[in-house]
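So the structure is just underneath, and the comments pick up after that.
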Amino acid sequence: MNENIYLPKLAKIIKIKQEVSGSRPIKTFRTQFLESSDFSHRSGQCAMLSVLGKGEAMISISSSPLEKDYLQFSILKSGRVTTALHEMEEGDIIGIRGPYGNHFPIEKWKGKNILFIGGGIGLAPIWSVLQTARAKKADYGKLALIYGARTSNDWVFKEELQELKNEMDIHLSIDCEEEGCNEFVGFVPQNVADKKPSPKNSISITCGPPIMIKFVIEALQELGFKDEQIYTTVENKMKCGIGKCGRCNIGKHYVCKDGPVYSWAELKTLPQEY
Amino acid sequence: MEKILTKKEFPSWIKNLKSFNVYGPVKKDALWEYERIQDPDKLDLNFKNTVLSPKKIIFPQREVILDFNHKKKGKPEIQEALPEETKNVIFGVRPCDARALTLTDKVFEEEPGDKYYLRRRHQTVTVGLTCSDPPSENCFCTSLGGSPHSTEGLDILMTELNHKYYVHSFTDKGRELMKAASDVFKNPSEKDKKDLKQVHKESEKKIKRQVKELSKITDKLKGMFDSPFWDEESMSCLKCGICTYLCPTCHCFDISDEVLSSSPLKGQRVRTWDTCQFPYFTMHSSGHNPRPDKSSRLRQRILHKFSYFVDNYDDYQCTGCGRCISKCPVDIDIIEVLEKVKDYE
Ligand SMILES: Cc1cc2nc3c(=O)[nH]c(=O)nc-3n(C[C@H](O)[C@H](O)[C@H](O)COP(=O)(O)OP(=O)(O)OC[C@H]3O[C@@H](n4cnc5c(N)ncnc54)[C@H](O)[C@@H]3O)c2cc1C
Ligand code: SF4
Ligand code: FES
């Protein structure tokens, strides 16, 4: 055991993109390790990002493992560390340790339709697996995305979503009516009920605020999705990422190790502590 | 190795441990604490119980894990701040506190292992002391598979027999420590062996408090997550966190950065004990908190110790030291809580 589990590796921010402006800004960061690294992740895993002097924050890796040139993170400005990240510029250096957690069992889904359902920043954890499925399109059935945010300004990956429209069904939504926006008006679970995706030979992945996840799952069940067909990710506050600091548990599970990816069949057996 | 050491000769043994940092119970302002001992004559094993367990020597309340600095132009530098390589020995370890170390071992040893904890643990010799009289009226070690003379987690166990100690080592680390002063130790007589057995037997009988049928309680807890029981039991809790702060088995911690100078940036990443009894422990920056009230936090403390830890590590995460009972300002008593679980409808 020579590795120090708390020691981050240095990485340079090579690209920053402002995804969402306003009072709840989101930026996407692409990073490259300064020294060659054996860091290799699976879709659904996270990494602990460090800003020296500020601390650490656990962030989902939003790039696909197929992308070898950089690691991508999409981050909502919410507190100390995420604010410091938002103040950084291209060329600045951060620390990264990980990857942590389990991953989406995408190999098991070959031949199946995949329905992605996201709300707000919740598209970030899905984005990695979506990109992998898209790159290996021939392996999967129909791919579709239902995604919503408060306003059209709050959608992340706006340009990428426009491009994706040529490749898969994309159903966007906003919470309240907006001039010049013709997308569905209402919450994500309502959009799911409205679009009536078929459960046949399908897997659904849903990420977003806890309350959205709860109602999306109900909407999916209503449509006939079985618990084993529904996947989601859990975000509990994290510090160590390796099951030692004792903070992120739901029941006997440490989300940093045993999660963050769960099928509803599994998650529903755990206490409601997320 | 089993030997006899007179109390008079005890300081001579310690004087021979020149290459060790010696820790032991020290009385400060009427309270006992494990401290570094400079003068061997000051080491007094005639103590009740220490406020904190010797866990604090292996897993300090605050510990620097990384040093960093970042000059304006140039890349940041991060160095690991591993504990110094020293040889430590702790005298007067209570058997329950030693067993507690075997539980924190499980957490920090599990892959990927925690270098900081493991280095301190491996370079520390634990010398236990049989509790001939229970050091606290709330001791209940015997309910949890331990005893006042349990040897788990110890390298050596000393048992007081009037003016002498019966010294028994079980590990290489322990034997090495005794060899450092082999001439002060004598072979035990048959009578000493008989006396030892007697003291050990008596010591168990003196433990007054107990939890009965713990495995039944563990089973019952599995179905009690959503029970109103936790509201009832936590009603008086002040959320002070003392129960977890004093616990020899609690291992939860926080990691944060401390800035020593801002330009050029210089600082330390530190880990500090943290507690599930504080709201910020689980609160997201959005304000959402999966454990928003004292009821859910008392539930976490009990379930972690008597359900989740049992599932994950096949052991209770409690060794019955009684500290959380004695020191809770509102008398929340873990034994009573567990007993009530058993009868809860
Ligand atoms: C598995 C996982 C994946 C995540 N993925 C993303 C992502 O892709 N994009 C994104 O913007 N955010 C993500 N988050 C949330 C992100 O970790 C928090 O927003 C972030 O830690 C807040 O840190 P802060 O220092 O800016 O906020 P502060 O409120 O100042 O944080 C104080 C401390 O609380 C912790 N903390 C606060 N909120 C959370 C939270 N919701 N989850 C975990 N720790 C928290 C931080 O570690 C920090 O040390 C994820 C969280 C988890 C657990
Ligand atoms: S010591 Fe008592 S009052 Fe303080 S947090 Fe624990 S149970 Fe609550
Ligand atoms: S983040 Fe420390 S235990 Fe999960």
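FYI, it's all coordinate maths here, none of it is from the lab. The structure presented is a predicted model; accordingly, all values stated were derived computationally and were not measured. In this analysis, Cβ positions are derived from the backbone assuming ideal geometry, glycine residues included, and neighbour counts consider all displayed protein chains.
What's the angle, to the nearest 10 degrees (0 to 90), between helix A:210-222's Cα axis and the longest principal axis of chain A? Helix A:210-222 sits roughly 30 degrees off the main axis of chain A.
Look at the alpha carbon pairs under 8 Å that are at least 6 residues apart: their mean separation over the length of the stretch B:214-343 gives a relative contact order of 32 percent. The loop-placed GluC sites (Glu not before Pro) in the stretch A:108-174, going by DSSP, that have at most 11 neighbouring Cβ atoms within 10 Å of their Cβ come out as A:E167.
In this simple spin-label model, placing a label point 7 Å from the Cα along the Cα-to-Cβ direction at both B:K72 and B:T86 gives a separation of 4.0 nm. Rounded to 0.05, the FRET efficiency of the B:H288 and A:T151 pair, given R0 = 22 Å and the Cβ-Cβ distance, is 0.55. Peptide B:266-278 shows a mean partner chain C-beta count of 2 within 10 Å per residue C-beta.
Across the stretch A:257-274, rounded Karplus estimates of 3J(HN,Hα) from the backbone phi angles (6.51 cos²θ - 1.76 cosθ + 1.60, θ = phi - 60°) give 10, 8, x, x, 8, 9, 7, 4, 4, 7, 4, 5, 7, 8, x, 7, 10, 8 Hz, Gly and Pro being marked x. Taking the Cα centre of chain B as reference, the dipole from Cβ charges on Lys and Arg (+1) and Asp and Glu (-1) amounts to some 800 debye. In chain B, inverting the average of 1/r over every pair of distinct C-alpha atoms gives 21.9 Å as the Kirkwood radius. Counting, for every residue in A:232-245, the Cβ atoms of other protein chains within 10 Å of its Cβ and taking the mean gives 5. In plain terms, the bigger the Kirkwood radius, the slower the diffusion; for the stretch B:15-171, with that radius from Cα pairs, at 37 °C and 0.692 mPa s, Stokes-Einstein puts D at 191 µm²/s. Taking θ as phi - 60° and the Karplus parameters 6.51, -1.76 and 1.60, the scalar couplings of the stretch B:255-270 work out to 10, 8, 9, 10, 8, 8, 8, 8, 9, x, 5, 9, x, 9, 9, 10 Hz in sequence order, x denoting glycine and proline. For trypsin sites (Lys or Arg not before Pro), the sites in the stretch A:102-146 that DSSP calls loop and that have at most 16 other Cβ atoms within 10 Å are A:K110, A:K136, A:K142.
With each label modelled as a point 7 angstrom along the Cα→C-beta vector, the B:K27-B:E9 pair spans 2.7 nm. With kT/(6 pi eta Rh) evaluated at 20 °C and eta = 1.002 mPa s, and Rh the Kirkwood radius from Cα pairs, chain A diffuses with a coefficient of 112 µm²/s according to Stokes-Einstein.
Taking 4.7 Å between beta carbons as the limit, the unpaired Cys residues of chain A are A:C46, A:C176, A:C181, A:C207, A:C248, A:C256. Among the trypsin sites (Lys or Arg not before Pro) within the stretch B:32-117, those in coil by DSSP and having at most 16 neighbouring Cβ atoms inside 10 Å are B:K48, B:K71, B:K72, B:K73. The HN-Hα couplings worked out from phi for the stretch B:195-200 by the Karplus form 6.51 cos²θ - 1.76 cosθ + 1.60 (θ = phi - 60°) are 4, 4, 4, 5, 4, 4 Hz, whole numbers, x standing for Gly and Pro.
Averaged over peptide A:43-50, the number of partner chain Cβ atoms lying within 10 Å of each residue's Cβ comes to 1. GNM on chain A, C-alpha springs below 10 Å: top fluctuator among A:P99, A:P199, A:P210? Fluctuation is largest for A:P210.
In summary, the protein assembly as shown shows an alpha-carbon radius of gyration equal to 1.11 times the 2.2 N^0.38 Å reference for compact globular proteins.
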